[in-house]
Amino acid sequence: MSTDGTQSNSESTSGKGRPTPSRKDAQKARQDLLKGDVKSREGRKAASKRDREKRAEARAQMLAGNPKYLLARDAGPARELARNFVDSRLCAGEYFVPAAFLVLILGLIKVPTVQTAVFFGWMVMLVFVVADTAFLGFRLRAALKSDLPSGTNLRGCVSYGVMRALQLRRFRMPKPQVSRSKRK
């Protein structure tokens, strides 16, 4: 302390209270933090458990539609609009896989009348799915152009929406955020 009762700069008690580590020591400490204790079996198990928990959290957030955790193919306002547009309507493509499974089962019946009926039913379903998908593509393109600013990159958004429409609703990722009758 100086004679007038104040502290001088060299005697100040503020600070971290330890010497600054050398660059070599600081880098080693950072790498050890990143690496963790991989030398012991318990360390590897703990690191594996931490990684598993991180992946589970990231997956849960992605399924919930959190933009930070979405995959690159799902990110962006145009893809979000395409997802909400597709998820808000009933699509014939959702029933394509169950119909194909039904055709496969009914195709095992060796009665010619049943096989003919299954074949024509399958062709009608196929035509209906193609028509509905084409109609969806045109409407989605128009919605994207009208709802988004003119400079927005729309490349691949229509095919993204069409492929999403062909999936069963419960298996879509990220999960649908809108009900069938409403759009966000």
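The values are calculated or read from the model by the stated rules, or taken from the named source; none is laboratory data. Owing to the predicted nature of the structure, the values given are computational and were not obtained by experimental measurement. Note that we place each Cβ from the backbone using ideal geometry, even for glycine, and neighbour counts take in every protein chain shown.
Laid out as a table, the results:
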quantity: Some residue of segment 169-183 being surrounded by fewer than 12 Cβ atoms within 10 Å (Cβ to Cβ) and more than 30 Å from ALA58 (Cβ to Cβ); calculated: yes
quantity: Selection count where residues are surrounded by 10 or more Cβ atoms within 10 Å (Cβ to Cβ) and either modelled with pLDDT under 85 or acidic (Asp, Glu) (or both), scope segment 1-24; calculated: 1
quantity: Residue match in segment 94-116 (condition: closer than 30 Å to GLN61 by Cβ, under 22 Å from the mean Cα position of the chain (by Cα) and either in a helix (DSSP H, G or I) or of a type outside the set (Val, Ile, Thr) (or both)); calculated: yes
quantity: Test: residue in segment 123-146 that is charged (D, E, K, R), over 30 Å from LEU81 (Cβ atoms) and modelled with pLDDT under 95; calculated: no
quantity: The listed residue being β-branched (Val, Ile, Thr) and in contact (Cβ under 8 Å) with a residue 24 or more places away in the chain, out of VAL86, VAL118, VAL130; calculated: VAL86
quantity: Residue selected from segment 101-114 under the condition closer than 28 Å to SER159 by Cα, without any contact (Cβ under 8 Å) to a residue 12 or more places away in the chain and among the aliphatic types (A, V, I, L, M), by the criterion surrounded by the fewest Cβ atoms within 10 Å (Cβ to Cβ); calculated: LEU104
quantity: Members of segment 133-155 found to be surrounded by 13 or more Cβ atoms within 10 Å (Cβ to Cβ) and out of contact with any Pro (no Cβ under 8 Å at 6 or more places or on another chain), listed by number; calculated: THR133, LEU136, GLY137, ARG139, LEU140, ARG141, ALA143, LEU144, ASP147, LEU154
quantity: Qualifying residue in segment 102-116 (condition: assigned by TED's automatic domain parsing to the domain that holds PHE135, at pLDDT below 90 and in contact with an Asp or Glu (Cβ under 8 Å, 6 or more places away or on another chain)); calculated: no
quantity: Single residue of LYS45, LYS49 found to be within 29 Å of LYS175 (Cβ to Cβ), assigned to a helix (DSSP H, G or I) and outside the structural domain of ARG155 (by TED's automatic domain parsing); calculated: LYS49
quantity: Hey, ALA72 free of Cβ contacts under 8 Å to residues at least 60 places away in the same chain, more than 14 Å from the chain's Cα centre (by Cα) and closer than 30 Å to LEU148 by Cβ or not; calculated: no
quantity: Residue within segment 151-159 that is farther than 28 Å from ALA60 by Cα and in contact (Cβ under 8 Å) with a residue 40 or more places away in the chain present; calculated: yes
quantity: Options ALA92, ALA117: the member that is surrounded by 11 or more Cβ atoms within 10 Å (Cβ to Cβ) and over 27 Å from PRO174 (Cα atoms); calculated: ALA117
